[in-house]
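What follows is a set of notes on a single structure, which appears directly below.
The values are calculated or read from the model by the stated rules, or taken from the named source; none is laboratory data. In this text the structure is predicted, and so the values were computed from the model without any measurement. Glycine also receives a Cβ, built like all others from the backbone with ideal geometry; neighbour counts cover every protein chain displayed.
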């Protein structure tokens, strides 16, 4: 057993791909990050990857795009998970936290705390969902359209509001956000849709992070005073149907399990919960 350090996202996918595509739904985040980084290498200043392998192939894998958390795939064995953790720590790179499916996430958080003396704080429990067929949802007023460069200011405002509400533990960086928005305008596999009611934008949904045969939906945001009117349900349903019609076999998304309303919305559209995940932040003792 040894740990490889792929130099870039393409190399990472070549080595770790067979492990990850065994269950695309569970691994949609790490696959999508790698695919996005491969297409837009300037989107993140740094890309780090680790893959534990033996003569049979990949056993465990992780990637990190600072300042974001380490993303860990489901390991094949406990020994492989330990080897991965020790390899990440040995690089000396600052790891702000970890994102992984259960039971890997809490195990890695506890082990990292034990090894480093840091405190692991659970910041979010998440549901990982997959959709292969869109169900009918009650129709609301308005219609969807693709976002254009003329929507830059609106997108930035709403994405900042989304992050403040849904991701308060993550570092705010307006310049990085603007690069992310621009990258979606220039990509064939990512973008934003906007729901308009009476020519007024009322809801936002994005898509990015393609996997071998699927793609991830997110973020999804509706301003608080416009919620509970069916805008997000109709927007996500329409976007998901469009992506499936475009050739993707599945759509994936993550939900905050502390928000039962959003979880019900996605279930009503046809999303099925395939597993749970968690995010932990590492704080100084």
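Structure above, values below:
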read-out	value
Test result for residue 197, farther than 22 Å from residue 253 by Cβ, more than 21 Å from the chain's Cα centre (by Cα) and surrounded by 15 or more Cβ atoms within 10 Å (Cβ to Cβ)	yes
Residues located in segment 6-17, provided they are touching a strand residue (DSSP E or B) at 6+ places or on another chain (Cβ under 6 Å) and either within 22 Å of residue 132 (Cα to Cα) or not in a helix (DSSP H, G or I) (or both)	6
Residues that are within 11 Å of the chain's Cα centre (by Cα) and in a loop (DSSP other than H, G, I, E, B), drawn from segment 27-48	27
Which numbered condition residue 56 fails, given (1) surrounded by fewer than 17 Cβ atoms within 10 Å (Cβ to Cβ); (2) at pLDDT 95 or above	(2)
Single condition residue 215 does not satisfy, out of (1) over 16 Å from the mean Cα position of the chain (by Cα); (2) under 24 Å from residue 36 (Cβ atoms)	(1)
Any hit, segment 260-276, residues being within 20 Å of residue 72 (Cβ to Cβ), exposed (fewer than 14 other Cβ atoms within 10 Å of the Cβ) and out of contact with any helix residue (DSSP H, G or I) (no Cβ under 6 Å at 6 or more places or on another chain)	no
Search result, residues across segment 63-80 that are more than 15 Å from residue 123 (Cα to Cα) and within 21 Å of the chain's Cα centre (by Cα)	63, 64, 65, 66, 67, 72, 73, 74, 75
Subset of segment 130-162 (residues that are assigned to a helix (DSSP H, G or I) and touching a helix residue (DSSP H, G or I) at 6+ places or on another chain (Cβ under 8 Å))	149, 152, 155, 156, 159, 160
Condition met for residue 232 (modelled with pLDDT of 95 or more and either part of a helix (DSSP H, G or I) or more than 19 Å from the chain's Cα centre (by Cα) (or both))	yes
Residues satisfying the stated conditions in segment 87-112, i.e. closer than 25 Å to residue 274 by Cβ, part of a helix (DSSP H, G or I) and without any contact (Cβ under 8 Å) to a residue 24 or more places away in the chain	110
Residue selected from segment 168-186 under the condition under 26 Å from residue 73 (Cα atoms) and either in contact (Cβ under 8 Å) with a residue 24 or more places away in the chain or touching a strand residue (DSSP E or B) at 6+ places or on another chain (Cβ under 6 Å) (or both), by the criterion surrounded by the most Cβ atoms within 10 Å (Cβ to Cβ)	180
Residue match in segment 171-194 (condition: modelled with pLDDT of 95 or more and over 18 Å from the mean Cα position of the chain (by Cα))	yes
Exclusive hit being more than 29 Å from residue 283 (Cβ to Cβ), touching a residue at least 60 places away in the same chain (Cβ under 8 Å) and out of contact with any strand residue (DSSP E or B) (no Cβ under 7 Å at 6 or more places or on another chain), set 212, 132	212
Test: residue in segment 238-255 that is more than 19 Å from the chain's Cα centre (by Cα), crowded, with 18+ Cβ neighbours inside 10 Å and within 25 Å of residue 142 (Cβ to Cβ)	yes
Qualifying residue in segment 216-227 (condition: part of a strand (DSSP E or B), at pLDDT 95 or above, farther than 21 Å from residue 170 by Cα and in contact with a strand residue (DSSP E or B) (Cβ under 9 Å, 6 or more places away or on another chain))	no
